[in-house]
Amino acid sequence: MANNSMVESRHPWKAWVYLAPALVLLLVFTVWPIINTVRMAFLENYSGLKAAGGAHFRFGIGNFKKVLEYKRFLQCMKNTVIICFLTVPISTMLALLISVALNSIKWFQKFLQTVFFLPYVTNSIAIGMVFAAMFNIVGSFYGTENELIVTAGIINNVIEFFGGHAVNWINYGSTYAANITVMVIYIVWNALPFKILILLGGLQSVNKQYYDAAKVDGTSRRRIFTRITVPLLSPMIAYVVITGFIGGFKEYTSIVGIFGENMGPADDKGRLNTMVGFIYDSLSTNSQGRASAAALILFGLILIVTILQLWVSKKKVHY
Amino acid sequence: MAERITTMHAKDMGKETTRQTIIGAIVKVMVYLFLFVMGIIVLFPFYWMINSSLKTLTEYRLSVPTFFPKHIMFSNYADAFTTANLGRLFLNTMYVGIVSTILSLVITILSAFAFARLEFKGKNILFAGLLATMMIPGELFTITNYSTVTNLGWINTYTVLIVPFLVSVFYIYLLRQNFLQIPNELYLAAKVDGTSDFKYLCKVMIPLSLPTLISITILKMMGAWNSYIWPRLVANDDAHRMVTNGLRNAFKDTTGDVNYPVQMAAVALVSAPLFLVFIFLRKYIMKGVSRSGIKG
């Protein structure tokens, strides 16, 4: 061991040569942004443009106050939270059911596994456009009296086939609930592959002895699921829930995929904007102070939710 | 008496097992039904994309949809290619993807090697500090990085698409873990033979960690293909536009009366390379993804 450290520490500066490219880039594009973003968040009404002109800004929490007073920001926050709290539980439950089902079969297992992973390797803007096409009503659909529907879109066709009424999902005059439903369906579809991959991986590494013991005892299927499968999988469930919430709080591109950069139906632009969208909007109007404050609020929310979940999982997760 | 009890018991057991096999069979059928229905739902958007992309506009606009195009319109694909200027977008994205992957691999390998094999003061603190930055959402960096690249005069260049994302702490972490699994004895033997650190890295560690390096390459390339926010912000001119951004730009309208067949053809063309990569390199993607939890 002594020999080992002697060999390695002969040229301690060499390690820094190996690290230099990474460290330089990290300093410029990671460390400095952390410092600077915090600084800009606490300089009231900071704007890059005005700063270049030599303006000075007062230190204070004005940016945070302003951001939290913005109706637009509160709407963004509401959208983000609603999307998170709907999509994460739904996708986790579905992924859990699919993984348990996949784990219990032999035929077609590999094939179905591939099918369920397929949505992962897609471009969220591109496939969002496909979902938009599926939900879109083509025609002069502007709430006028002589409404003319050319084609109601495949989803509405299916609803009508089963005897329901066509819904205005994303077009002019659509409701908020309809918009959110479309978003939830798309985001769940998008989130399933990763969750299934992790949960199925977890299930396949569970010791078969537990199940054999349960079989000998004649335990019912439901009891096996709630008393053996879920507890043994709990670390993986906690993992996909936490990463799901982090991803959900940063939701943005899937909404651009469906609604375009309007972030809402034609008559109510920005209705479905999210916190990340708000940050980029502020950035494009050169209000870096406001953008930084919003980014720190987003970071704070993610941190709180993650800590809460870690705290809950410490009590509930069986490692 | 005892005999009668055992026979009764056996009879009961027999009934019980037949009942159980029937329930088992029903459950099995239900499980397959559930999986196939879910599988069809998952695949449906892909099918609908291809189906729509091959229709004529008149056929697409039929109030009763057709599930297979009557006239197969391959010309939609040619139209899509020219409308969205996909050739240029593909070239731009490939260029950015390849250059940033190569540079990123070099940087990642060098720093992972330093963290895994070399001794220096403050190694553990530095590594922990790097890992801590992974918690921070990328938007927080973007705000300042946008000013930085503006001041550097990098707006609308390839540099701005490549340089800010060359270092990924996560990839360094992934590769370091892999490097640590390579036994120390190999390193010491190489040292005794007088092999330099750098030669050892190239001749032993890189070949042994090839699967991880391939995973990183795929994730990085997919990341370039799918990136949207940053390219839109900093390189939105015709010469440097990336594919996702270009696709959204070429088809701004999502609702209303849109020429969907052409739009779907463009979407299919943009999705095709991802599917090809998936078909040939599924194993590496799934392995990389299960450890990363991030898209690209």
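Values quoted throughout were computed directly from the atomic coordinates according to the rules given, and no laboratory measurement underlies them. Predicted, not measured: the structure shown is a model, and the values here were computed from it. Quick reminder, even Gly has a Cβ in these numbers, built from the backbone with ideal geometry, and neighbours come from all protein chains shown.
I need the per residue convex hull volume for region B:24-106, using only the alpha carbons, in cubic angstrom as a whole number. Kindly include the intermediate steps, with their values, before the conclusion.
Working: hull volume 13.5 nm³, N = 83.
In region B:24-106, the Cα hull volume divided by residue count equals 163 Å³.
Under a Cβ-only charge scheme (Lys and Arg +1, Asp and Glu -1), can you give me the dipole magnitude of the protein assembly as shown about the Cα centre, in debye to the nearest 20? Mind dumping the intermediate values first?
On the way: 52 positive and 27 negative charges, 346 e Å.
Roughly 1660 debye for the protein assembly as shown.
Relative contact order for chain B: what is it in percent, counting Cα pairs under 8 Å that are at least 6 residues apart? The partial results should precede the final answer.
On the way: 238 pairs, mean separation 86.4, N = 296.
Result for chain B is 29 percent.
When the helices in chain A are scored as -39500 (n - 2.57) per DSSP H run of 4 or longer and the sum is shared across all residues, what 222 nm value do you end up with, to the nearest 500 deg cm²/dmol?
The helix contribution divided over chain A gives -21500 deg cm²/dmol.
In straight Cα distance, which lysines are under 22 Å from B:Lys70, not counting same-chain residues fewer than 8 positions off?
Straight-distance partners of B:Lys70: B:Lys55.
What does the charge count near A:Val206 come to, summing +1 for each Lys or Arg and -1 for each Asp or Glu among other residues with Cβ under 15 Å from its Cβ?
Numbers: positive: A:Lys208, A:Lys215, A:Arg227; negative: A:Asp212.
Overall, the nearby charge balance is +2.
Please list, in order along region B:173-179, the HN-Hα scalar couplings obtained from phi with the Karplus expression 6.51 cos²θ - 1.76 cosθ + 1.60 (θ = phi - 60°), rounded to whole Hz, x for Gly and Pro.
Those phi angles translate into 4, 4, 6, 4, 4, 5, 4 Hz.
Can you give the alpha-carbon Rg of region B:84-292 over 2.2 N^0.38 Å, where N counts its residues?
Working: Rg = 20.2 Å, N = 209, 2.2 N^0.38 = 16.8 Å.
It is 1.20.
How large is the direction-averaged shadow of the alpha-carbon convex hull of the protein assembly as shown, in nm²?
On the way: hull surface 149.5 nm².
Approximately 37.4 nm², given one-decimal rounding.
With a 10 Å radius around each residue's Cβ, average the other Cβ atoms per peptide and rank A:205-213, A:273-281, B:168-176, highest first.
Values: A:205-213: 11.2, A:273-281: 24.6, B:168-176: 21.2.
Going from most to least packed, we get A:273-281, B:168-176, A:205-213.
Within a 10 angstrom radius of each residue's Cβ in A:24-35, how many Cβ atoms of other chains show up on average? Whole number is fine.
Working: counts 2, 8, 9, 0, 7, 11, 11, 4, 4, 13, 5, 1.
Mean partner-chain Cβ count within 10 Å for A:24-35: 6.
Work out the charge dipole of region A:64-316 with +1 on the Cβ of Lys and Arg and -1 on the Cβ of Asp and Glu about the Cα centre, then indicate which of A:Val230, A:Thr122, A:Ile302 is farthest towards its positive end.
A:Val230
Across the residues of B:106-115, average count of Cβ atoms on other protein chains within 10 Å?
Working: counts 2, 9, 2, 1, 6, 8, 3, 3, 9, 4.
The mean count of partner-chain Cβ atoms within 10 Å per residue comes to 5.
So if R0 is 35 Å, what FRET efficiency would A:Ile149 and A:Val81 give, r being the distance between their Cβ atoms, rounded to the nearest 0.05? Before the final figure, lay out the partial values.
On the way: r = 34 Å, r/R0 = 0.98.
My answer for the efficiency is 0.55.
Which distance in Å, rounded to a whole number, links the C-alpha centroids of region A:149-172 and region A:7-70?
So the two Cα centres are separated by 50 Å.
Taking a threshold of 22 Å on the Cα-Cα distance, which of the pairs A:Lys66/B:Lys252; B:Lys123/B:Lys283; A:Lys14/B:Lys123; B:Lys220/B:Lys283 fall above it?
Numbers: A:Lys66/B:Lys252 32 Å; B:Lys123/B:Lys283 33 Å; A:Lys14/B:Lys123 13 Å; B:Lys220/B:Lys283 16 Å.
Violating the 22 Å Cα-Cα cut-off are A:Lys66/B:Lys252; B:Lys123/B:Lys283.
Looking only at other chains, what is the average number of their beta-carbon atoms within 10 angstrom of each beta-carbon in A:108-120? Before the final figure, lay out each step's value.
Working: counts 4, 1, 0, 1, 6, 2, 5, 7, 5, 6, 8, 4, 7.
For peptide A:108-120, the averaged partner shielding equals 4.
Where the centre of each part is set by its Cα atoms, how far does region B:225-252 sit from region B:134-199, in angstrom?
25
For region A:210-256, what size does the Cα cloud have along each of its three principal axes, sorted from largest down, in whole Å?
53, 17, 11
Hey, rough spin-label estimate for A:Arg39 and B:Gln177, points 7 angstrom out along Cα→Cβ, what's it come to in nanometres?
3.6
Show me the ranking of peptides B:272-280, B:135-143, A:169-177 by mean Cβ neighbours inside 10 Å, starting with the highest.
Details: B:272-280: 14.3, B:135-143: 20.3, A:169-177: 17.8.
Going by the mean number of other Cβ atoms within 10 Å, highest first, we get B:135-143, A:169-177, B:272-280.
With +1 on the Cβ of every Lys and Arg and -1 on the Cβ of every Asp and Glu, and nothing else charged, how large is the dipole of region B:192-286 about its Cα centre, in debye rounded to the nearest 20? Please list the in-between numbers first.
Numbers: 9 positive and 6 negative charges, 46 e Å.
Once rounded to the nearest 20, the dipole reads 220 debye.
I need to check one value: relative contact order of chain A, counting alpha carbon pairs closer than 8 Å and at least 6 residues apart, in percent.
Once normalised by length, the contact order is 27 percent.
Determine, for each peptide in B:223-230, B:190-197, the mean count of other beta carbons within 10 angstrom over its residues, then list the peptides with the highest first. Please report the intermediate quantities before stating the final value.
Numbers: B:223-230: 21.2, B:190-197: 13.8.
Per-residue Cβ counts within 10 Å, averaged per peptide and sorted highest first, yield B:223-230, B:190-197.
Projecting each Cα onto the charge dipole of region B:84-292 (Lys/Arg +1, Asp/Glu -1 at the beta carbon, about the Cα centre), which of B:Gly223, B:His240, B:Ala268 comes out farthest on the positive side?
B:Gly223
Could you give me the ³J(HN,Hα) list for region B:235-240, computed from phi with Karplus coefficients 6.51, -1.76, 1.60 and θ = phi - 60°, whole Hz, x at Gly and Pro?
Those phi angles translate into 9, 10, 9, 4, 6, 10 Hz.
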